[in-house]
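Chemist: Dropping the structure in here first, questions after.
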Amino acid sequence: MNNTDSIQTDEEKTKIYTIKTQVGKEQNTADMINSRAAKSKIKIPSILVTPELRGYLFIEAYDKERIKEMIKTISYARNILEGDIPLEQIKHFLVPASAVAKISEGDVVEMVSGPFRGETAKVTHIDDTKEEITVELFESVVPIPITVRGEQVRVIKRKEDEKKKEEKKE
Amino acid sequence: MKIIRACKTCHYLTEKESCPFCSSPTSKRWRGYVVIRNPESSQVAEHMNIKKPGKYALKVM
């Protein structure tokens, strides 16, 4: 009886491991792990790819050694990190922060993708629900407002930092 | 190339304009990727309140 109980308890508890992947190939790696798991019948209840953590994914499993063996055949997967992590440590990844959370009006941003890649612009408006920002390019002769997605820009100068600098000068 | 869309209600990933599970509209804009293979034994599925196996988005815009 006791023996059965202990087996059931072991079965119930999954562990979360971190797998290092090629940057940008996290989703592909997750799909490949998913198909390999289906073929080999390794118990993997879930695979998690978070937008904040590039080059890593989380895998919920029971047997680390079997996962280690399996990812050797997946080209995008690099290795499995030592030790497991409790769910509490990755809970914040399950509710990703808004892409515009760290951007405020007046900030200077650099476009990191899209047709204006490499251009700098000033943020004029932020739409929290759509996670979009409206910017005005510095190099355009006529200031035309352009609306882009929050993940398409990188903040290079914050309005708050500039204010502090000006206050110091005074 | 097929565009994967995410249900605005349950976050289930599908190619269809409406979710096959809850019939809610789907969106082309989503972030994060979760594969739930066994919702009964998954801590992640329990935390995200997912009852059906499949692929899900973490956030849908």
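Chemist: Quick one: accessible area per residue over segment A:1-123, 1.4 Å probe, rounded to a whole number of Å²?
Modeler: 56 Å²
Chemist: Could you give the length gained on full extension between A:Ser104 and A:Glu69, defined as 0.36 nm per residue of separation minus the Cα-Cα distance, in nm?
Modeler: Details: separation 35, 0.36 × 35 = 12.60 nm, distance 4.62 nm.
Length gained, A:Ser104 through A:Glu69: 8.0 nm.
Chemist: I'd like the mean, over residues of A:33-45, of how many other protein chain beta carbons sit within 10 Å of each residue's own Cβ.
Modeler: On the way: counts 2, 4, 0, 0, 3, 1, 0, 0, 0, 1, 3, 4, 13.
So the per-residue partner count for this stretch is 2.
Chemist: What spacing in nm lies between the two simple spin-label points modelled at A:Lys157 and A:Gln22, each 7 Å away from Cα in the Cβ direction?
Modeler: Placing both labels 7 Å beyond Cα along the Cβ direction yields 3.8 nm.
Chemist: Between B:Lys2 and A:Glu139, what FRET efficiency comes out of the Förster formula 1/(1 + (r/R0)^6) with R0 = 22 Å and r the beta carbon distance, rounded to 0.05?
Modeler: That pair, A:Glu139 with B:Lys2, gives E of 0.05.
Chemist: A further question on this structure: So if we plug the beta-carbon distance of A:His125 and A:Val95 into 1/(1 + (r/R0)^6) with R0 = 35 Å, what FRET efficiency do we get, rounded to 0.05?
Modeler: Details: r = 25 Å, r/R0 = 0.71.
Once the sixth-power term is evaluated, E becomes 0.90.
Chemist: For A:119-126, what's the mean count of beta carbons from other chains sitting within 10 Å of each residue's beta carbon?
Modeler: For peptide A:119-126, the averaged partner shielding equals 0.
Chemist: Beta carbons within 10 angstrom, averaged per residue: use that to sort the peptides A:68-77, B:5-14, A:159-168, highest first.
Modeler: Ranked by mean Cβ neighbours within 10 Å, highest first: B:5-14, A:68-77, A:159-168.
Chemist: Would you mind checking A:Lys43/A:Lys64; A:Lys41/B:Lys8; A:Lys157/B:Lys28 for any pair whose Cα atoms are more than 20 angstrom apart?
Modeler: Checking Cα-Cα distances, A:Lys41/B:Lys8; A:Lys157/B:Lys28 exceed 20 Å.
Chemist: Return the average number of partner chain Cβ atoms within 10 angstrom of each residue Cβ along peptide B:46-59. Kindly include the intermediate steps, with their values, before the conclusion.
Modeler: Values: counts 3, 6, 4, 0, 1, 0, 0, 2, 0, 5, 2, 2, 9, 8.
What the average comes to for B:46-59 is 3.
Chemist: If you average 1/r across every pair of different Cα atoms in chain B and take the reciprocal, what Kirkwood value do you get, in Å?
Modeler: Its Kirkwood hydrodynamic radius stands at 11.5 Å.
Chemist: Loop-only check: which GluC sites (Glu not before Pro) in chain B are DSSP coil with at most 13 other Cβ within 10 angstrom?
Modeler: When the GluC sites (Glu not before Pro) of chain B are filtered for loop state and at most 13 Cβ neighbours within 10 Å, B:Glu15, B:Glu17, B:Glu40 remain.
Chemist: Same structure again: Can you work out the FRET efficiency for the pair A:Glu82 and A:Asn34, with r the C-beta to C-beta distance and R0 = 22 Å, to the nearest 0.05?
Modeler: Calculated transfer efficiency: 0.40.
The values are calculated or read from the model by the stated rules, or taken from the named source; none is laboratory data. No experiment lies behind these values; they were computed from the predicted model shown. Backbone-built Cβ (ideal geometry, glycine too); neighbour counts: all protein chains shown. Remember, those area values only see protein heavy atoms, side chains included, never the ligands or the DNA or RNA. Shrake-Rupley method; radii C 1.70, N 1.55, O 1.52, S 1.80 Å.
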